[in-house]
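**Student:** Let me begin by handing over the structure; questions about it come next.
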Amino acid sequence: MKVFIVLALLVAVAVAAPTTTQEPEGCIYNGVEYAAGSSYKADCNTCHCAGNNLAMCTLMACLPGGK
């Protein structure tokens, strides 16, 4: 009977334990964290941080000289 109670407690603890990891609310690009809703330059493109480490960027080709 004691074994059953201990097993039941272990199962209850395992079910109650959080299993999700904390995702950043903003975006991380080249080691810099940007807030959700902000925009930033990435080479010749502009990116918009949608949050949860999801960014949407333009796909412009970089011309020589950065123009």
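**Student:** Can we say residue 62 is surrounded by 10 or more Cβ atoms within 10 Å (Cβ to Cβ), touching an Asp or Glu at 6+ places or on another chain (Cβ under 8 Å) and either modelled with pLDDT of 90 or more or at positive phi (or both)?
**Tutor:** So residue 62 passes the test.
**Student:** On to the next question. Are there any pairs with C-beta distances below 8 angstrom linking a residue in region 41-67 that is among the β-branched types (Val, Ile, Thr) to a residue that is part of a strand (DSSP E or B), with the two at least 6 apart or on different chains, and if so which?
**Tutor:** 46/39; 46/40; 46/57; 58/45; 58/46; 58/47
**Student:** Of all residues in region 16-40 being among the aliphatic types (A, V, I, L, M) and modelled with pLDDT of 65 or more, which is farthest from residue 53 (Cα to Cα)?
**Tutor:** Selected residue: 16.
The values are calculated or read from the model by the stated rules, or taken from the named source; none is laboratory data. Because the structure is predicted, anything quoted here is derived from the model rather than measured. Using ideal geometry, Cβ is built from the backbone for each residue, glycine included, and neighbour counts are taken over all protein chains shown.
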